[in-house]
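J.: Got a structure for you, questions after.
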Amino acid sequence: MPDRLEDLTTALTGRYEIDREIGQGGMATVYLARDIKHNRQVAVKVLRPDLAAALGHERFLREIEIAANLTHPHILPLYDSGEADGFLYYVMPYIEGDTLRDRIEKEGELPVTEAVRIIREVADALAFAHSQGVVHRDIKPDNVMLSGRHAMVTDFGVAKAVSEATGRSTLTTAGVALGTPTYMAPEQATADPHVDHRADIYAIGVMAYELLAGRTPFQGASPQAVLAAHVTEEAVPVTRHRDQVSAELESVVMRCLAKKPADRWQSADEMLPYLETMTTSSGGLTPTATRPLQGITVGRSSRVWWMALGAAAAVTVLGVFGARLMRETPLQVRVANVRQITHSPLLEIFPDISDDGREIVYVVGQWFDYGVAVRDTEGGPALALSADRSGLPWLPRWSPSGREVRFMEFTPSSNTLGTIPASLEVPRFGGQARLLPPGLLTESQAVELYRTGADTIEVRATGTGELISRLATPAMETFGTPSPDGSRIAFVVGNVQYYSPELLGNDVPASLWVTPAGAWSPVRVTEDEHLDTHPTWVGNDRLLFVSNREGRRDIYLVPLRNSGEPAAAPVRVTTGADVHTMSVTPDGRLAAYSKLQFRSNLYEITLPPEGEVSLNTARPLTRESAVIEQHDRSSDAEWLVYDSNVLGQQDIFVRSVAGGNASRLTVDPGQDMDPHLSPEGSEVVFYSTRHGSRDIYLIDIDGQNEQRLTGDESDGWHPQEQEVFPLFSPDGRHIAFGAARAARHYRLLVMSRDTVGGPWGAPREVVAGASPFFTWTSSGDHLIYSPTAGGLRKVRLTGEEDTAMDLGSTSEPAWPYLAPDGRLFYRAFGADGVRGIFAMALDGSEPQRVVRFDASGVVSSGFGITVRDSSLVLTVSENESDIYLMELEY
């Protein structure tokens with residue numbers, strides 16, 4: 001074996017530097033290597049010597065070239081292939097992650113939704129490959145890589161290339177199975193010469209069965225016995241092993257396992273719509289009965305924007321929405337024909353559909369690397385519209401004429417609170433972007449809204465610019481979409497982070513309001529108990545909006561009186577759709593929405609003594625199908641406290657870092673978030689939304705003696721004040737936290753007590769304008785915080801001696817954290833434009849990046865970190881968002 005490695009290293013000199021062997025399969029040995037030309041890590045797969053000797057390498061390379069042309073989000077691409085000194089090899093990207101086989105061995109059966117999602121992505125890859133005439137012939141968990149939450153099929157075309165090169169379709173005389181017995185279709189097991197793409201469909205069924213039941217449908221003492229079972233035995237229905245599998249899902253899987261190819265799904269394309277429906281909803285997207293809607297006044301369609309002024313990460317965010325769905329007569333509407341139109345492993349969000357329903361514009365990317373794209377709703381490649389822009393394009397929409405696409409662009413200078421980012425317009429087929437008038441927030445066919453001051457909105461006539469009204473907008477967090485006739489404006493109060501790049505989809509409460517466009521006179525539409533957001537006008541007297549009031553985010557409809565008050569309770573339109581935003585064509589027949597799903601867990605990274613490490617090396621500490629945002633660790637690094645919605649609402653949990661079951665500390669109807677331990681580990685401070693706004697609470701580590709520290713109006717707290725991110729001082733006698741009304745400018749406040757366990761005094765203000773990111777110094781007499789203008793500063797608890805800190809070449813720092821060893825850690829961009837976690841001593845030395853956030857792989861959330869010795873723990877997201885179309889039938 002060492003001689004073979006040396007020979008391979010010599011044979012590939014100048015092209016690839018072989019590092020080490022990382023795995024073996026039935027046909028090849030896999031080596032980790034560096035692609036010298038492109039300076040990247042790759043996986044070099046070298047065919048077994050006995051197999052290579054039995055092949056004609058020219059035919060093998062000719063056949064494998066077909067697989068090299070497969071480009072799809074769920075297919076691991078083939079970089080290179082060749083022959084060198086008798087070695088037949090092919091080269092693929094090196095993915096730091098588990099195979100699906102690794103996942104099954106660790107966890108056994110998977111959550112049903114997770115299993116369906118993986119099978120859908122594999123089927124999507126197969127549908128594309130089959131359309132190109134390529135059959136995989138060896139679909140199995142070993143050939144499915146999991147990168148983040150996404151599945152990527154590997155070795156596409158390799159089994160076909162081997163079989164074509166040898167003329168064998170099943171077991172070769174070289175002793176290599178072309179196909180794995182456990183996943184072989186009956187026609188493969190019997191060496192039928194007419195094996196086609198439906199063998200891959202059968203293998204999907206076997207794999208789906210295994211993911212759902214924790215075992216494969218056919219087992220035997222030998223490979224021959226397994227092959228015989230495929231041919232002669234009927235699979236036991238998967239529900240016999242797991243009753244949580246629905247009848248619909250069982251039907252899809254069992255049809256894959258039909259003995260005769262003609263009785264299976266005839267293509268992966270045929271199967272995909274059924275899988276997509278299952279991943280789109282819980283129990284079906286279409287309501288069980290049609291919902292009657294009263295008459296909707298005919299109006300001219302308009303594309304509208306609304307603006308979110310966010311404090312989290314100092315990001316100001318704007319939103320785009322359509323006001324559509326217009327008819328004269330009473331309606332009954334139901335959702336039908338749901339289909340997925342984007343499949344990228346990146347996030348695809350903020351869809352806006354064209355008036356004719358033929359095109360859709362949206363944002364695609366991840367982790368501050370986003371672009372605006374447009375595509376045909378019937379398929380085909382997407383066209384990038386903002387590739388030449390250096391800023392962050394956000395929230396696109398069609399112009400009123402439909403010939404241009406408009407979007408906002410964030411730059412470092414526009415990330416200051418209260419600063420309005422630029423609005424741009426670009427031709428729908430691409431071209432030079434032009435600036436739109438400054439301060440423009442939104443436009444419809446009737447009116448335009450301009451932000452002209454921190455608390456002032458001007459309403460002007462579209463086209464002429466004539467001033468209609470000037471609105472003073474106190475206590476507004478989000479603003480607003482005008483009705484089609486321009487007479488009303490709908491807006492949201494609360495949770496501006498819902499649209500921010502770092503906290504996208506944040507699910508804390510928000511409420512809907514409506515005001516006349518001619519005078520500021522807001523009327524409440526919904527309460528503060530749930531997330532109610534994304535108002536979209538239906539005519540001039542109804543609103544579609546997104547809400548989590550019944551669990552998952554869905555679309556609701558509420559009728560309005562002339563006063564703006566709701567005329568009836570909101571009606572649920574979709575069920576379990578995980579909607580983020582949506583838009584509708586003017587005739588109301590076609591809707592586009594982004595399905596945004598989250599899973600975030602705690603990961604640990606071992607910091608190197610010197611240099612930096614990739615975020616892709618992070619190891620999971622938790623494996624919940626849930627959202628974990630913030631955490632803290634005890635000083636001895638043995639205990640972990642964190643928030644999680646694994647049981648529904650966000651609650652506080654505590655568990656051993658080494659593992660084991662977690663104990664739930666809080667049980668209430670609100671969202672409990674951002675827990676931090678007192679220095680001695682006996683108390684946990686956190687904030688909660690259980691009274692509508694965010695308030696600070698304290699609880700003992702055993703779940704006893706909970707007390708509310710802020711937010712009580714009888715103590716003088718304003719009802720719209722939001723208190724967040726509490727943090728104990730090193731001696732446990734102080735708690736610092738951020739507070740803001742309408743999320744405009746945070747104040748940093750500190751409350752104190754004379755002794756640990758004693759009563760808390762009234763809070764005092766330390767900083768008047770800041771982002772809510774801060775940490776204590778080790779002495780406890782200073783706070784290090786991020787001001788609204790950017791950077792980091794150090795301030796005394798008295799508010800005096802507020803001094804700027806030299807951060808060298810890093811920019812946009814957030815979430816500072818002072819580790820026990822005295823080093824300051826924070827998130828920022830380096831001079832090379834790459835985001836990561838930086839560390840610096842407080843002596844003014846140049847910060848050094850210790851964790852690099854690569855563009856691929858796992859995606860870091862915008863939350864805090866903890867460091868104990870060389871162990872760094874942070875929250876890592878595995879967000880997924882695709883865009884769907886659905887028909888609305890009346």
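The values are calculated or read from the model by the stated rules, or taken from the named source; none is laboratory data. Here the structure is a predicted model, which means the values were calculated and not measured. Neighbour counts are summed over all protein chains in view; Cβ atoms, including those assigned to glycine, are modelled from backbone coordinates with ideal geometry. Surface areas here come from the heavy atoms of the whole protein model, side chains and all, with no ligands, DNA or RNA. Shrake-Rupley method; radii C 1.70, N 1.55, O 1.52, S 1.80 Å.
J.: Convert each backbone phi in region 645-656 into a coupling constant with the Karplus relation 6.51 cos²θ - 1.76 cosθ + 1.60 (shift: θ = phi - 60°), then list the ³J(HN,Hα) values in order as whole Hz, x for Gly and Pro.
T.: Once θ is set to phi - 60°, the couplings for region 645-656 become 9, 4, 10, x, 6, 6, 10, 9, 10, 9, 7, 6 Hz.
J.: Quote the charge dipole size of region 752-876 about the Cα centre in Debye, to the nearest 20; the model charges only the Cβ of Lys and Arg (+1) and of Asp and Glu (-1).
T.: 320 debye
J.: While we're here: On a 0 to 90 degree scale, rounded to 10, what angle separates helix 2-11 from the longest Cα axis of the chain?
T.: Between helix and principal axis, roughly 80 degrees.
J.: Average the reciprocal distances over every distinct pair of alpha-carbons in region 63-148, invert the result, and give the Kirkwood radius in Å.
T.: So the Kirkwood estimate lands at 14.4 Å.
J.: Could you give the accessible area per residue of region 476-524, probe 1.4 Å, as a whole number in Å²?
T.: Accessible surface, normalised per residue, equals 20 Å².
J.: Just how large is the dipole of region 574-696 about the Cα centre, in debye to the nearest 20, putting +1 at every Lys and Arg Cβ and -1 at every Asp and Glu Cβ?
T.: I would put it at about 600 debye.
J.: Would you work out which of LEU792, LEU392, SER81 lies farthest towards the positive end of the dipole of the chain? Charges go on Cβ: Lys and Arg +1, Asp and Glu -1.
T.: LEU392
J.: Over region 474-567, what number does the Rg to Rh ratio reach, with both radii from the alpha-carbon atoms and Rh per Kirkwood?
T.: That ratio equals 0.95.
J.: Quick one: ranking HIS38, HIS230, HIS241 by accessible area, 1.4 Å probe, largest first, what do you get?
T.: HIS38, HIS241, HIS230
J.: Which one, PRO620, ILE605, ALA591, is farthest towards the positive end of the dipole of region 589-646 when Lys and Arg carry +1 and Asp and Glu -1 on their Cβ?
T.: ALA591
J.: Quick check: from the Cα gyration tensor, does region 506-642 come out rounded (a/c under 1.5), prolate or oblate?
T.: Prolate, because a/c is 1.5 or more and a/b exceeds b/c.
J.: Which of the lysines could a cross-linker bridge to LYS259, judged by Cα under 24 Å and excluding same-chain residues fewer than eight apart?
T.: Those lysines meeting the cut-off are LYS140, LYS160.
J.: Give the peptides 204-210, 130-136 in descending order of average Cβ contacts within 10 Å, highest first.
T.: Ranking, from highest mean packing down: 204-210, 130-136.
J.: Another question, if that's okay. With N set to the residue count of region 1-137, report its C-alpha Rg divided by 2.2 N^0.38 Å to two decimal places.
T.: That works out to 1.16 for region 1-137.
J.: What does the highest-first list of 484-490, 562-568 look like by mean Cβ count within 10 Å?
T.: Sorting 484-490, 562-568 by mean packing, highest first, produces 484-490, 562-568.
J.: Give me the angle, in degrees from 0 to 90, between the Cα long axis of helix 247-256 and the longest principal axis of the Cα atoms of the chain, rounded to the nearest 10.
T.: Taking the Cα atoms of the chain, the angle to 247-256 is about 30 degrees.
J.: Give me the accessible area per residue for region 739-844, probe 1.4 Å, as a whole number in Å².
T.: Here the residues of region 739-844 average 40 Å² of exposed surface.
J.: Excluding ligands, DNA and RNA, what is the solvent-accessible area per residue of region 61-158 at a probe of 1.4 Å, expressed in Å²?
T.: Heavy-atom SASA per residue in region 61-158 reads 33 Å².
J.: Let me see the pair-distance distribution of region 351-438: every alpha carbon pair, 10 Å bin width, integer percents in order.
T.: With a bin width of 10 Å, the distribution comes to 18, 52, 26, 5, 0.
J.: Over the residues of the chain, compute the C-alpha Rg and express it relative to 2.2 N^0.38 Å.
T.: Compared with the compact-globule rule of thumb, the chain sits at 0.99.
J.: Once phi is turned into θ = phi - 60°, what whole-Hz ³J(HN,Hα) does the Karplus curve with 6.51, -1.76 and 1.60 give for every residue of region 488-493, x standing for Gly and Pro?
T.: 9, 10, 9, 8, 10, 10
J.: While we're on this one: Quote the charge dipole size of the chain about the Cα centre in Debye, to the nearest 20; the model charges only the Cβ of Lys and Arg (+1) and of Asp and Glu (-1).
T.: In total the dipole reaches around 1740 debye.
J.: With a 1.4 Å probe and every protein chain kept in, tell me what percent of the accessible surface of the chain is carbon plus sulfur.
T.: So the carbon and sulfur contribution to the accessible surface is 48 percent.
J.: So if the hydrodynamic radius of region 769-890 is defined as the Kirkwood radius over C-alpha pairs, what does Stokes-Einstein give as its diffusion coefficient at 37 °C and 0.692 mPa s, in µm² per second?
T.: For these conditions, the coefficient is 206 µm²/s.
J.: How large is ³J(HN,Hα), in whole Hz, for each residue of region 558-566 in order, when computed from phi with the Karplus curve 6.51 cos²θ - 1.76 cosθ + 1.60 and θ = phi - 60°, using x for Gly and Pro?
T.: Result, ordered by residue: 10, x, 10, 7, 4, 6, x, 6, x Hz.
J.: For ASP155, ASP7, ASP243, what's the largest-to-smallest order of accessible area, 1.4 Å probe?
T.: If we order ASP155, ASP7, ASP243 from most to least accessible, we get ASP243, ASP7, ASP155.
J.: Another one. If amide hydrogens are placed 1.01 Å from N in the peptide plane, which non-local residues have theirs closer than 5 Å to the one on VAL447?
T.: THR462
J.: Also: Please compute the net charge surrounding GLY439, taking Lys and Arg as +1 and Asp and Glu as -1 over other residues with Cβ under 11 Å from its Cβ.
T.: Charge balance in the 11 Å sphere: 0.
J.: Identify, among LEU647, TYR31, THR377, the residue whose Cα sits farthest towards the positive end of the charge dipole of the chain, taking +1 on the Cβ of Lys and Arg and -1 on the Cβ of Asp and Glu, with the dipole about the Cα centre.
T.: Farthest along the dipole direction, towards plus: THR377.
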